[in-house]
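To keep things clear, I will list the structure first and then write my remarks on it.
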């Protein structure tokens, strides 16, 4: 039996916290190791339990989520912090990433994106809710660098980003394999992983996403 992903939750809204618990406990490979309604209690639990992933709300009493993420990055570097929040403003996203958070998920899309975010950060990548991911683009100057950094923040590896970008531009699997000097099977695997991480289902969604990131302009 594979090792379960150990998770701690911190949110000061009882109804939200209960919903998050249900979401986590519904996944067979997840294990809830602690929950709290304040930043101070969350810090204590996370220090003691050393979970793989800590889901943290920004607006909490005693220690807010950004400050907590910064503390955990320093004191518990092996814990991946995912910020769960109502805030869609660029400033909060920047603060969260600067504090060391590995994920940023909006509460309004938690049911669709939180489980995916947990798996992505546990895998060693970063995840930003697709609804706010476009905000990152203004911080990146060079177009090639933009594709790489945006891809990384969304939880995509460099290869996955490249494959998805070429696919959105209309290249076939064989053509992409030729450009990247990979086998067709490997390209298909990268494409499938990228689509799964982003929650995309149709080619139209892939193209729309790529357009939003500016990937279609890099011809």
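Values in this text are rule-based calculations from the coordinates and carry no lab data. It should be emphasised that the depicted structure is a prediction, and the values quoted were computed from it without experimental measurement. Cβ atoms come from the backbone with ideal geometry, glycine included; neighbour counts cover every protein chain shown.
Scattering from the C-alpha atoms of region 5-124 alone, worked out with Debye: what is log10 I(q)/I(0) at q = 0.11, 0.15, 0.20, 0.22 1/Å?
-0.28, -0.55, -1.05, -1.33
Please give the length that would be gained between residue 25 and residue 188 if that part of the chain were fully extended, namely 0.36 nm times their separation in residues minus their C-alpha to C-alpha distance (nm, one decimal).
Numbers: separation 163, 0.36 × 163 = 58.68 nm, distance 3.19 nm.
Separation in residues times 0.36 nm, less the Cα-Cα distance, equals 55.5 nm.
Quick one: which of 75-87, 20-32 comes out on top by average Cβ neighbours within 10 Å, and what's the full order, highest first? Write down the numbers at each step before the final one.
On the way: 75-87: 19.6, 20-32: 15.4.
With the highest mean Cβ count within 10 Å placed first, the list reads 75-87, 20-32.
Taking other Cβ within 10 Å of each residue's Cβ, how do 129, 52 sort, fewest first? Before the final figure, lay out each step's value.
On the way: 129 25, 52 20.
Sorted ascending by nearby Cβ count, the order is 52, 129.
Quick one: length gained pulling residue 112 to residue 91 fully straight, 0.36 nm per residue minus the C-alpha distance?
Numbers: separation 21, 0.36 × 21 = 7.56 nm, distance 2.35 nm.
The span from residue 112 to residue 91 would gain 5.2 nm if fully extended.
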